[in-house]
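I have placed the structure first, in the form of structure tokens, so that the comments after it can refer back to it.
The values are calculated or read from the model by the stated rules, or taken from the named source; none is laboratory data. Since the model is a prediction, treat every value here as computed from it, not as a measurement. We place every Cβ from the backbone using ideal geometry, glycine too, and count neighbours over all the protein chains shown. The accessibility values were calculated without ligands, DNA or RNA, using every heavy atom of the protein model including side chains. Shrake-Rupley method; radii C 1.70, N 1.55, O 1.52, S 1.80 Å.
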Amino acid sequence: MYKVKNGLLEKNGKPVYCVGVSYYASYHERKVPVPPEGDRIGEMKKDLKGMVDAGFNLVRFAALGKISYDENGEVVYEGSLADALAKEADRVGIASMIRLQGYTSNPSGYTDCLMVNSEGKEMDTSCWYDFIQNSMHHKGILKDNENCTRALARHFKDCSDTACFLTYNEPHYPSSGIFDYHPDTVDAYRKWLVEKQIMTEQEANTCAPPIARPAKGESPAAWINWRLFSMQALSNFLNHSSDIAKAATGIETMTCLTTDPTMPCNSSRCVNFYDSAERMDAIGITHYYRCNMPEAYFANLDLDMAESAGALYGKPMWLVEYDARTDIPLDRFRRETYMALGSGCKAIMYYQWRGDHTYPDSPEGNGFGVVDEFGKPTPNFENAKQVVKLINKLSDIFIYANKLRSSVAILHSDYAFMYADAIENEGSVCDNRSLKNSWLIDFVAMYKQLRLENISPDIIRAVDLSENQLGVKVLCVPAYEKLSEEEKNMLAIFERNGGKIIVKDSGFCGGYRPTFFQPDKYLSSFELYDALEMCGVAAPVTISGERYLLHQTLKGDGYYVICITNTSPFKKAALNTVLKTTFDFSDAILYTFEDQEGKSLSVSNCTIKIDEIEDGAIIVLQ
């Protein structure tokens, strides 16, 4: 009944908006809704029926069980609970997304395979949220990973009507320290240096990766190369695992990436949205940023980056994990959903259906769930049902509409990110939010200014400018001086082809400057709104009134959808909001999670007035 095709959930061959939840999604023995001694099958049947009754159409769970080799070297899987979950999901009519890998795929029992930190110590496997433990270059582990992924994918294709597979979950390098210095990884790094023509084979054979960021005065090149290699290695590992599952079954795959690309610690964790979007069938992310100011800008930036990465390759974006804590404030749940819908994502999967059973050492006992660990409704339960009901009602509206692009983009550069990390954290080996990164600071500041000017930018790399799939006409560059020479050359070609570039001025007063403007002693930079006007940019939708109302616009065939989110931490509602567009429309209907019938708004000269906006609104224009 359900399948994921071209990255979209389909029901009986028709695309539908995916509204899902997680259930038994973890491989951690203390992150389960019902303990082994409980009535897992009985409770599972109640829970899956509850999901369907609440309007959810997809459930994500893990391929829990035991994996081994038989005497002929064939993979043997014993997973009665996961099998029962898959079959019961089919029976009650809810789609299944199955996570194929846990912390490790090591049925061979290798003991020399764990990742190694910069001090030469094996990683601490007790950290429950470090979801990849083994070196991604250990030949035995790579073979085990292939064999287990292939066997599990085939098993669940045969035993159930699986909609799609998940390749690992929140994959990144370990959170404490710098990784990976396993001998096999170092060998792979040396080969990479030769392939990239950074060193000769003779030079690379004696090269050791740096064990810390460079000291003051040292070149950052070695550190940058080491981290870019590590990022590419993680992406290649994930994409290869995804390819194995799809080749074996024809079933589409994605992963669930963390928000690390918008955080300083990504120099250590090395998560990349664009590599995943290129090779997998959808770009899947997890998202726990708060949706109130000022964090709302990071929340939206992360969504825009993922959506842009997918759009570059014609792939949709999925929110594979979205916040549904057992104690989540009801208004926050509504607000974060308005924000997600406006991002253009094609799936919202709340984490999770039922709270984890509370053990004395539970990582997140009863922390997340629409129902609690005992299966009883949380205070958010009826609220969540109302939210899901409206999403299902407007499914066609959202599934066939995509982000309305403004022709403005911000440059994303892994090189510049790693450069800033290298020179601003002298000699450091830490991986935490105290790391400095001026590239990221300037990047976020530029994004914030654009959003305040009613511009929702795309986030692209220099390499994306040659084909320019997203129709970028104006490129905003946070810190031009930190770019690689290759990136600067790509930007120069973009300019020669008619593109305009706005750079952040590095002077004391800051400001922004189109590169075609020649500064003099009386004038050197502008506010961003002036620079945009000089480049001919006009926001397609503007909101006058409260600046805490952030909005995103989607475009379908003959209609537009504007999603507005109240991001104020203390203002309950905005009054007398005026919305104006540069495009024509004659009808406007406003929906909220509280008023699902829709309210017709009067239209005059491409302008509408909204008397009151509480948590947010969905406005359909035709």
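Can you compute the helix-only [θ] at 222 nm over the chain? Use -39500 (n - 2.57) per DSSP H run of at least 4 residues, normalise by all residues, nearest 500 deg cm²/dmol.
-10000 deg cm²/dmol
Under a point-charge model restricted to the Cβ atoms of Lys and Arg (+1) and Asp and Glu (-1), what is the dipole moment magnitude of the chain relative to its Cα centre, in debye to the nearest 20?
My answer is approximately 1180 debye.
Could you give the length gained by full extension between Thr515 and Ser108, i.e. 0.36 nm per residue of separation minus their alpha carbon distance, to one decimal place?
Full extension from Thr515 to Ser108 adds 140.7 nm.
I want to check the label-to-label distance for Arg496 and Ser434. Put each point 7 Å from Cα in the C-beta direction and report it in nm to one decimal.
The answer from the label model is 4.8 nm.
Go through the stretch 547-553 residue by residue and turn each phi into a ³J(HN,Hα) via Karplus (6.51, -1.76, 1.60, θ = phi - 60°); whole Hz please, and just put x for glycine and proline.
Karplus-based 3J(HN,Hα) across the stretch 547-553 equals 6, 7, 8, 8, 9, 10, 10 Hz.
Using only the alpha carbon atoms of the stretch 392-447, find the Kirkwood hydrodynamic radius as the inverse mean reciprocal pair distance, in angstroms to one decimal.
Value: 14.5 Å, from the Cα pair sum.
Excluding residues on the same chain fewer than 8 positions from Lys571, give the aspartates and glutamates whose Cα lies under 13 Å from its Cα.
In chain and number order, the partners are Asp331, Glu546, Glu612, Glu614, Asp615.
Counting Lys and Arg as +1 and Asp and Glu as -1, each charge on the Cβ, what is the dipole of the stretch 296-392 about the Cα centre in debye, to the nearest 20?
460 debye
Per the 1.4 Å probe, what fraction of the accessible area of the chain, in percent, lies on carbon and sulfur atoms?
That fraction is 49 percent.
Enter the accessible area per residue of the chain (Å², integer; probe 1.4 Å; all protein chains in place).
With the other protein chains kept in place, the chain gives 40 Å² per residue.
Rg and Dmax of the stretch 65-196 over Cα atoms: what are they, in angstrom?
Cα radius of gyration and Dmax of the stretch 65-196 are 17.1, 54 Å respectively.
Among Gly93, Leu81, Ala573, whose Cα sits farthest toward the positive end of the charge dipole of the chain (+1 at Cβ of Lys/Arg, -1 at Cβ of Asp/Glu, about the Cα centre)?
Ala573
Place a +1 charge on the Cβ of each Lys and Arg in the stretch 75-164 and a -1 charge on the Cβ of each Asp and Glu, then give the dipole magnitude about the Cα centre in debye, rounded to the nearest 20.
Here the stretch 75-164 has a charge dipole of around 280 debye.
Give me the Debye-computed log₁₀ of I(q)/I(0) at q = 0.11, 0.18, 0.19, 0.22 Å⁻¹ for the stretch 451-583, equal point scatterers on Cα only, no solvent, two decimals.
-0.52, -1.11, -1.17, -1.32
With bins 20 Å wide starting at 0, give me the P(r) of the chain over every alpha carbon pair, in whole percents.
Taking every Cα pair in the chain, the percentages come to 19, 52, 27, 2, 0.
Treating cross-link reach as a plain straight distance, find the aspartates and glutamates whose alpha-carbon is under 20 Å from the alpha-carbon of Lys488, omitting any fewer than eight places away in the same chain.
Cross-link targets: Asp414, Asp421, Asp442, Asp458, Asp464, Glu467, Asp505.
How far apart, in nm, are the 7 Å Cα→Cβ label points at Lys46 and Lys393?
Between Lys46 and Lys393, the simple spin-label model gives 3.0 nm.
Checking the table Lys393/Lys504; Lys246/Lys448; Lys393/Lys580 against a 32 Å threshold on Cα-Cα, which pairs fail?
Lys393/Lys504; Lys246/Lys448
Report the trypsin sites (Lys or Arg not before Pro) located in the stretch 430-460 that are in a DSSP loop and have at most 15 other Cβ atoms inside 10 Å of their Cβ, or state none.
Filter output for the stretch 430-460: Arg433, Lys436.
Please name whichever of Met136, Ala163, Thr111 sits farthest to the positive end of the charge dipole of the stretch 93-163, dipole taken about the Cα centre and charges placed at Cβ: Lys and Arg +1, Asp and Glu -1.
Ala163
Which helices, counted as full DSSP H runs in the chain, have an axial Cα extent of no less than 20 Å and a Kyte-Doolittle average of -0.5 or above?
Sorted by number, the helices that extend far enough and score high enough are 221-249, 295-312, 438-452.
Loop-only check: which GluC sites (Glu not before Pro) in the stretch 63-171 are DSSP coil with at most 13 other Cβ within 10 angstrom?
Glu71, Glu74, Glu119
Near Lys191, which lysines are there with a Cα under 18 Å away, not counting those fewer than 8 places off in the same chain?
Lys191 reaches Lys139.
Which one of Pro264, Cys291, Ile251 is farthest out on the positive end of the charge dipole of the stretch 249-308, using unit charges on Cβ (Lys, Arg +1; Asp, Glu -1) and the Cα centre as origin?
Most positive-ward Cα: Pro264.
So who's got an amide H within less than 5 Å of the one on Gly616, skipping anything under 5 residues away but keeping other chains? H placed 1.01 Å off N, in plane.
Asn566
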